[in-house]
Amino acid sequence: ISLVQPADQLASLRRAGVRLLGAVVENGRRPARADCFGDRVLILGSEERGLRPAIEEMLDVRLAIRTSQAMPSLNVAAAGAILLDALREPHHPRAPRED
């Protein structure tokens, strides 16, 4: 059995033209305003530590969800569901998405 490290697999995907999108807490773009066209993969980190630094460095786009003081953070499942819904169809960052 050959085990592939996550960074190696992501590098392989990137070489194949897949864009790497990662969920981050800070310094990320809102999904509706990010350039998220084409083949892409969404990467989620752990709830405690987020993405590993080596993985975050590989990202093409960093995505963040706006939160409030009443709800300053989300668990990884909720964040993933929100981001997947926002990314389900390619859309122009300035155009409203049609449902």
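Computed quantities for the displayed model
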| read-out | value |
| --- | --- |
| Enumeration of residues in region 22-33 that are closer than 21 Å to Pro53 by Cβ and surrounded by 14 or more Cβ atoms within 10 Å (Cβ to Cβ) | Gly22, Ala23, Val24, Val25, Gly28, Arg29 |
| Count - residues of region 1-38 that are modelled with pLDDT of 85 or more and in a helix (DSSP H, G or I) | 10 |
| Residue in region 62-70 that is among the basic types (Lys, Arg), touching a strand residue (DSSP E or B) at 6+ places or on another chain (Cβ under 8 Å) and within 14 Å of Val25 (Cα to Cα) present | yes |
| Search result, residues across region 39-72 that are loosely packed, with under 15 Cβ neighbours inside 10 Å, among the β-branched types (Val, Ile, Thr) and not in a loop (DSSP other than H, G, I, E, B) | Val41 |
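The values are calculated or read from the model by the stated rules, or taken from the named source; none is laboratory data. Bear in mind that the values here come from a model prediction, so they are computed numbers and not experimental data. Reconstructed Cβ throughout: ideal geometry from the backbone, glycine too, with neighbour counts over all protein chains shown.
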